[in-house]
Amino acid sequence: MSLSPTTLDRLRDIVGTEHVRVAPGELAAFARDATPLFQARPDAVVHPADTDQVARILRLATAERIPVVPRGAGSNLCAATVAIRGGIVLALTRLDRILEVSREELLARVEPGVTTAAMADAADAAGLLYPPDPGSRIVSTVGGNVATSAGGLRGLKYGVTRNYVLGLTAVLPTGEVIRTGGRLWKDVAGYDLTRLLTGSEGTLAVLTEITVALLPKPAMARTGLAYFADLAAAGRAVSRVIAGGLLPATLEFLDQRCIDAVERYAGLGLRTDVGALLLFGDDGDESTVDVQLRRIADACVAEGAIDVTTAGDAARSEALLAARRCSLPALSRLGALTILEDASVPRPRLAEMVDRIDAIAARHEVTIATFGHAGDGNRHSTCVLPDPRDSDAIARAERAFAEVFAAAIELGGTITGEHGVGAAKLPYLEARLGTEQLALLRRIKSAFDPAGILNPGKLGS
Ligand SMILES: Cc1cc2nc3c(=O)[nH]c(=O)nc-3n(C[C@H](O)[C@H](O)[C@H](O)COP(=O)(O)OP(=O)(O)OC[C@H]3O[C@@H](n4cnc5c(N)ncnc54)[C@H](O)[C@@H]3O)c2cc1C
């Protein structure tokens, strides 16, 4: 679709001429997000400054049936911000104020365009912890994190973004502004719309203010590494750690291909002659952290770890966490096209899932490297293809991933643990939810968005 000159003028009246972008180069910059294989140029990119402007834009869009795609940093990995039906990309990065950090109430109030790292730094400066810690934290926005319920490296002990959202200001597609939840830690008045909007991937409402819960900052955090001959042994060590009554902040794994790629990329001195690496870490008081790390190391040794080391100081701990955070960029260097998915399985079935993925990759003759959150069963299989124009290889990778999703569901898992559904995983959603639940989802979508303008072709479509 294309927008009429009158519509563009009305948008300019709302946000100011310089905040409505229609030049081809500027539209091209918003045609993609971090998901390969998906792109579509919007008709306009609009940068509102506040809730009122968002409400006026949505009212206009509903009246004129114009698709609107809310967008933070565009770092999602499921084509959630690709404007597949054209229309407006609503870029929320101008709403980037940290409005409040309260030590007394253990909360922060922010606009959605604040980056995750800026949010975490503001909490840290106040002696507090904002636990959600996605690998993309330097660029991703809190709005995008809430809309995808992003996870991260501390998910095992602290949970995901969903566990920290207390209240939202949300603009409905029809222009009404609602305030859900708020500053209260306990509030059961009405349906839990805060939770419904969290993870709704920009399909139900546009979030313009977010109140998150914070925690007192732990005195220290430390990490360690255990190397194993194979992923099965690393998986057994994870089970032993949890069954032993430990709940570390971090339990992440890398397979051999990832270790190799990360070492070449970051030069951290990792061993590359092993089959798998388990990165573990915990935070708390000085005395307890050391004990916890020793107990985790013992569990790894009991399951046959080849080598176990713990970081001596905070700087080395941070460097080891960086090894995990840079897994995706490191793998991206191995080929021109990197396709990643994040199906999740119950923790005890992780090793079985990885075996299944290896068999699927072999059958379809593609290379799949796997890393991820061993502690919560959420792994990221990454297919690296040398030539982005090789349509045969892309088709084989797509068939392989369809089988990976089916395998995850068969093992009691899900098609996405944290990255979201977007356009990329919509074809697999019914297999996960079932017909009745999907139909209910669609009825909820049309109650919020009767004209179907908000992020069409995604979740709820
Ligand atoms: C290198 C790398 C590492 C990553 N690591 C992780 C990780 O560890 N854990 C993890 O969970 N994800 C990870 N991701 C994926 C991604 O960063 C997350 O999904 C993140 O939450 C997206 O934030 P964003 O600001 O980029 O949102 P976008 O990509 O812009 O948008 C994501 C979704 O949120 C919606 N949205 C955005 N803002 C709003 C708003 N204000 N109101 C309503 N809807 C909105 C969009 O419509 C879209 O559906 C990673 C990505 C990369 C590239």
Could you tell me which numbered condition Gly269 fails, if it satisfies all but one of (1) outside any loop (DSSP other than H, G, I, E, B); (2) open to solvent by 50 Å² or more (accessible area, probe 1.4 Å); (3) of a type outside the set (A, V, I, L, M)? (1)
Considering region 333-359 alone, what residues qualify as being in a helix (DSSP H, G or I), open to solvent by 50 Å² or more (accessible area, probe 1.4 Å) and either within 16 Å of the ligand (Cβ to nearest atom) or touching a strand residue (DSSP E or B) at 6+ places or on another chain (Cβ under 9 Å) (or both)? Asp358
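Of all residues in region 131-140, which are open to solvent by less than 20 Å² (accessible area, probe 1.4 Å) and within 12 Å of the ligand (Cβ to nearest atom)? Don't jump to the end; show me each part of the working.
Pass one, region 131-140, residues open to solvent by less than 20 Å² (accessible area, probe 1.4 Å): 131-134, 140.
Correct list: Pro132, Asp133, Pro134, Ser140.
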Say whether the condition of being without any contact (Cβ under 8 Å) to a residue 40 or more places away in the chain and open to solvent by less than 10 Å² (accessible area, probe 1.4 Å) is met by at least one residue in region 366-375. yes
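Here is a yes/no grid of residues against (1) within 10 Å of the ligand (Cβ to nearest atom); (2) free of Cβ contacts under 8 Å to residues at least 40 places away in the same chain; (3) of a type in the set (A, V, I, L, M, F, W, C); (4) over 26 Å from Val45 (Cα atoms):
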{"site": "Val89", "(1), (2), (3), (4)": "yes, no, yes, no"}
{"site": "Arg97", "(1), (2), (3), (4)": "no, yes, no, no"}
{"site": "Pro112", "(1), (2), (3), (4)": "yes, no, no, no"}
{"site": "Ala122", "(1), (2), (3), (4)": "no, yes, yes, yes"}
{"site": "Leu129", "(1), (2), (3), (4)": "no, no, yes, yes"}
{"site": "Val142", "(1), (2), (3), (4)": "yes, no, yes, no"}
{"site": "Gly155", "(1), (2), (3), (4)": "yes, no, no, yes"}
{"site": "Arg183", "(1), (2), (3), (4)": "no, no, no, yes"}
Can you tell me which residue among Ala79, Ala28, Ala55 is among the small types (Gly, Ala, Ser), open to solvent by less than 20 Å² (accessible area, probe 1.4 Å), not assigned by TED's automatic domain parsing to the domain that holds Ala150 and not in a loop (DSSP other than H, G, I, E, B)? Ala55
Just one listed residue, out of Ala319, Ala302, is touching a residue at least 12 places away in the same chain (Cβ under 8 Å), surrounded by fewer than 18 Cβ atoms within 10 Å (Cβ to Cβ) and touching a Leu at 6+ places or on another chain (Cβ under 7 Å), and it is Ala319
Here is a list of conditions, (1) near the ligand (Cβ under 9 Å from one of its atoms); (2) in a strand (DSSP E or B); (3) open to solvent by 20 Å² or more (accessible area, probe 1.4 Å), and Leu166 meets all of them except one; can you say which number that is? (1)
(1) part of a loop (DSSP other than H, G, I, E, B); (2) within 15 Å of the ligand (Cβ to nearest atom); (3) not small (Gly, Ala, Ser) all hold for Thr208 apart from (1)
For strands (runs of 3 or more DSSP E) lying entirely in region 82-132, having 3 or more residues that are of a type outside the set (D, E, K, R) and under 21 Å from the mean Cα position of the chain (by Cα) picks out 88-91
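Can you pull out the helices (runs of 4 or more DSSP H) entirely within region 377-461 that have at least 1 residues that are within 16 Å of the ligand (Cβ to nearest atom) and open to solvent by 30 Å² or more (accessible area, probe 1.4 Å)? Talk me through it step by step, then tell me what you get.
Details: elements: 391-410, 426-433, 435-448.
It comes to 426-433, 435-448.
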Take the conditions within 23 Å of the chain's Cα centre (by Cα) and modelled with pLDDT under 95 and apply them to Thr223. Does it pass? yes
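The values are calculated or read from the model by the stated rules, or taken from the named source; none is laboratory data. Note that the structure is a prediction, hence the values are computed from the model and not measured. With ideal geometry, Cβ positions are generated from the backbone for all residues, glycine too; neighbour counts draw on all protein chains shown. Ligands, DNA and RNA are excluded from the accessible area calculation, which covers all protein heavy atoms including side chains. Shrake-Rupley method; radii C 1.70, N 1.55, O 1.52, S 1.80 Å.
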